[in-house]
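Colleague: Below you'll find the structure I mean.
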Amino acid sequence: MSESLAPTQRRSRRYGVTTGALVASSTALTLAVRRDGPLPGEVATARWMHENTPVAVDRFADLIDPVLTDMAAPGVFVAIFLLVWWRWGRYPAVLLGLAGTCTSLPRLGDLAERPRPTPTVEWSGYSFGNGGYPSGHVVFAVLVLGTVAVLARRHARPRAAMWIVGAMQLLIAVTSWTRVSRLEHWPLDVVGGGLMAAAGLLGIIWLHPHLAALAAGRPLLFRLLRPPEEPQPATTRPPDRD
């Protein structure tokens, strides 16, 4: 028994160490960006990305940006949640719901008083509630779309999972890049959002095989979370011999 549990324990320890490193990195970055002004390299990076992003990427961003705004994102999340429940069941939907809840935590207040870049890539004055750190678009994309990719690997057919994972990765990459190239955020706003969301995503990955066991002591919650049982194959009785 101990030998069979060893790989699971090693994976849990690896998830814990990696998650701890992400939390520590995001905390250190949050403290670092609290200074008044961009950190070295941010202005040059933002200007280069703004001037060298292919037109096709900007056009693609025109399509996906509106659905990730603070007003539209809740509706988009509900639609994704219902689709996941319909296609894969309530257990994956609950995990996605937990991921969606985590996206609201960085939005409770501005973690650092960092203004957004101006059209001329300059530092401006900060106004409460309109800060850029962390990027909410990136937090949503990495945590929610990343969770969809994780669930697809476990619940969708291999070919469908391949397409879903690829699409989610593309959306995350384009969203992260264009938040800087369109001068909506400074580069470290995106990095900070990505680190925070990645820590949450690792938590969802760890929780996926453990959530039902954690709820086993609560019968009502366990019945809600338990994946539907697979139908048993029908058995036929052999004909009686004369």
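Here, each number is a calculation from the coordinates, and none is a lab measurement. What you are looking at is a predicted structure, and each value in this text was computed from that prediction instead of being measured. In this analysis, Cβ positions are derived from the backbone assuming ideal geometry, glycine residues included, and neighbour counts consider all displayed protein chains.
Colleague: Please give the peptides 11-21, 138-148 ranked by average Cβ packing (other Cβ atoms within 10 Å per residue), highest first, as a rough proxy for protection. Could you put the intermediate results ahead of the total?
Modeller: Values: 11-21: 13.1, 138-148: 25.5.
Output ranking for 11-21, 138-148: 138-148, 11-21.
Colleague: Treating only the Cβ of Lys, Arg, Asp and Glu as charged (+1, +1, -1, -1), what charge dipole size does the range 12-225 show about its Cα centre? Round to the nearest 20 debye.
Modeller: Values: 19 positive and 12 negative charges, 247 e Å.
Dipole magnitude for the range 12-225 comes out near 1180 debye.
Colleague: On to the next question. If contacts are Cα pairs under 8 angstrom and at least 6 residues apart, what is the relative contact order of the range 12-225 in percent? Each step should come with its number before you reach the end.
Modeller: Details: 255 pairs, mean separation 65.8, N = 214.
Once divided by the residue count of the range 12-225, the mean separation gives 31 percent.
Colleague: Here is a follow-up. What order do you get for 66-78, 24-36 when each peptide is scored by the mean count of other beta carbon atoms within 10 Å, highest first?
Modeller: Working: 66-78: 13.1, 24-36: 14.7.
For the peptides 66-78, 24-36, the packing ranking is 24-36, 66-78.
Colleague: For the range 139-156, in order, what is each residue's ³J(HN,Hα) by Karplus, 6.51 cos²θ - 1.76 cosθ + 1.60 with θ = phi - 60°, in whole Hz (x at glycine and Pro)?
Modeller: These are the phi-based 3J(HN,Hα) values: 4, 5, 5, 5, 7, 7, 5, x, 5, 4, 5, 4, 5, 4, 4, 9, 10, 8 Hz.
Colleague: Would you please give the residues with an amide H less than 5 Å from that of ALA112, counting only those at least 5 places away or on a separate chain, with H modeled from the backbone geometry?
Modeller: TYR133
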